[in-house]
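Take a look at the structure set out below.
Bear in mind that the values in this text are calculations on the coordinates, not laboratory data. As the structure is a prediction and not an experimental result, all values here were calculated from the model. All Cβ positions, glycine included, derive from the backbone under ideal geometry; neighbour counts span all protein chains shown.
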Amino acid sequence: MRERELSPRPFGTLDSRIYAIFTLLIFAAIFIMQLVSFRFTMNTVRRSTLDNNRAMLKQLVFQMDSYITSMEQIYRAVSEDEDIQLLFGDGADPLDSGDRERLTAVVHQRLNNYARTREDISDILVLGYNGEIIPSEEGVRINPWTTVRDKAWYTGAAEAFDRTVVSSSYVQNLIQDRYSWVISLSRAILSREDRRILGILLVDLKFKRINELCRSLTVGKRGYNFILDREGNYVFHPTQQLVYSSIKEEPVKEIMALVESRSEDPYQEGDRYFMTQTSDITGWHVVSVVYDRDIVTDWQSVQGLYSLLGLVMFLIVGLATNRITSGITKPIKKLQGIMQSVDTGEFRLVGNIMASDEIRELAREYDIMVTRIRELMEANTREQELKRKSDLKALQAQINPHFLYNTLDSIIWMGEMGQSEKVVQMTSALSKLFRISISKGRELIPIRDEIEHVRSYLTIQEMRYRDKFTYEIDVDPDLYEMITLKITLQPLVENAIYHGIKETDYVGLITISGYREEGSVILEVRDNGQGMNETQLADLIRGLETPPEERSIRSRQGMGVHNVHERIRIYFGKEYGLTCESTAGEGTLIRVRIPAAEQEVTI
């Protein structure tokens, strides 16, 4: 009984497992590769953007330094002006009131001209050590509540002597009723003769130019720049009011630490990057702020592109994996299909197969195994057939000892009675019986010899039983040269005599006939004896189809008929053999079917 077939499981086949494993590995590899590549691209873009921002920051500082340096031209023009030198006490003789008023008007006009040529200048003032103040704008008055000498820009310029002092942003209240956010550049005006300080030149700058510079060099829509002085105070911020009101805060402490460390790396807070560059002229720390979201503006597009490339790669590699998997599993499936032929008993060979060395070696070993099995099966079949032939030959060679004993006893009795003619007749018949039985060792003989053999047997039995039965032989002469298995009819006739006619109280008739039918030869043995009922007939037919190893011990009737049937099937095939018909009280018909052949059949 075959074992119950295993129910299919998900990924139960080799190709599905290989494909699933390869797919998972490839998907993981592509995913990791995509992730690493995306991260690498993002980091590369971020690093490149920050490097570009560093360059822009240096450019911004350079432009601011150039802007501040350009203010030196105003200082030189003012400080070297002869009228200013005379007005603030650099002349040999003191000025009278008329000359002073005239010079004051001239200086005022020149300062006004300087201020109007630069839109980024809020005010230009000259403050003499003698206390006189000359503004650039007409009609303005100095705030009486402010003390000029206490201002940081004033004291700083006096201490710096011949250097320009740049202030932080603050609200300038020097002019009455004017409060503007400015950045002041102040520098001492020195006497050309003895280099003593005659006064202070003050230039107040508007935020406009600085704002323009800071806004012109930014990264992204959210990026911005702001400026801190040496102490970390705000010089400029694009949202100045929010910063001073503490609504918006910057990490000034961390930025100043970054300045002190002189590190080129940016400081990161959240999604913002802070980079600094210090001006050698002003000492300002220009801070550039870059948002990470602005570094790669199309990061979603980049991510989508990488995903698309990953999908294409996955499909391409998936197709290649499918092809590779098929190349591995197709030969195995072919080998599996051929191996399944063992279940049906075909034992097919694989032969040449396009596969890897391991599978070809497996196929070769399988072919060797199948070939060996075939040889063993054929040897076993031949052995079994020879054994069965030997058994059947032994059976057919065993003449009923009772028949031989009774025949010899009859010959002796007839000799004592002086019936020499009958002795000769019976002895002749017995001699023919033995001669044909031996047949020089041949198993297949012409039908003519088989009829002669059964005729000799009937002659002997008719003489023994005298008027108990008669017989008729009606075989088509065209069949005489056809071959048949020897001792085929004699056991059937013996069966008819002992089990069909012997027990009857009338003279029986045994009829032997033969004819040709659709390529076969039909030989029939019919008797009009006691016959068999349905049960006996069914038992006889069942005995014909029962293998010897499963058949129980039966009567000689069953044994003789079965032996003839088995011998015919061994020699001629399973489509040949005996069929039986019988009716109780009417007799029995046994029909023999053998192939119509005129030469010995080789099995």
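Here are some notes:
- Pairs over the 23 Å Cα-Cα cut-off, from the set 58/151; 151/253; 422/486; 206/253; 502/574; 151/206: 58/151; 151/253; 422/486; 206/253; 502/574.
- Peptides ranked, highest mean first, by Cβ atoms within 10 Å: ranges 522-532, 243-253: 522-532, 243-253
- The length gained by stretching the chain between residue 316 and residue 100 to full extension, at 0.36 nm per residue less their Cα-Cα distance, is 68.4 nm.
- Virtual spin-label span in nm between residue 365 and residue 271, 7 Å along Cα→Cβ: 6.3 nm
- FRET efficiency, 1/(1 + (r/R0)^6) with R0 22 Å, evaluated for residue 559 and residue 464 via beta carbons: 0.50
- Close amide-amide hydrogen proximity is noted between residue 184 and 167, 205, each under 5 Å apart and 5 or more residues distant or on a separate chain (H modeled in the peptide plane; Pro and chain starts excluded).
- Once the Cβ-Cβ distance of residue 54 and residue 163 is raised to the sixth power relative to R0 = 41 Å, the FRET efficiency obtained is 0.90.
- A convex hull fitted around the alpha carbon atoms of region 454-519 yields 99 Å³ per residue.
- If R0 is 41 Å, the Cβ-Cβ spacing of residue 43 and residue 208 corresponds to a FRET efficiency of close to 0.60.
- Added length on full extension, which subtracts the Cα-Cα distance from 0.36 nm per residue, residue 425 to residue 379: 11.8 nm
- Neighbour counts of C-beta atoms inside 10 Å place 276, 588 in the sequence 276, 588, starting with the fewest.
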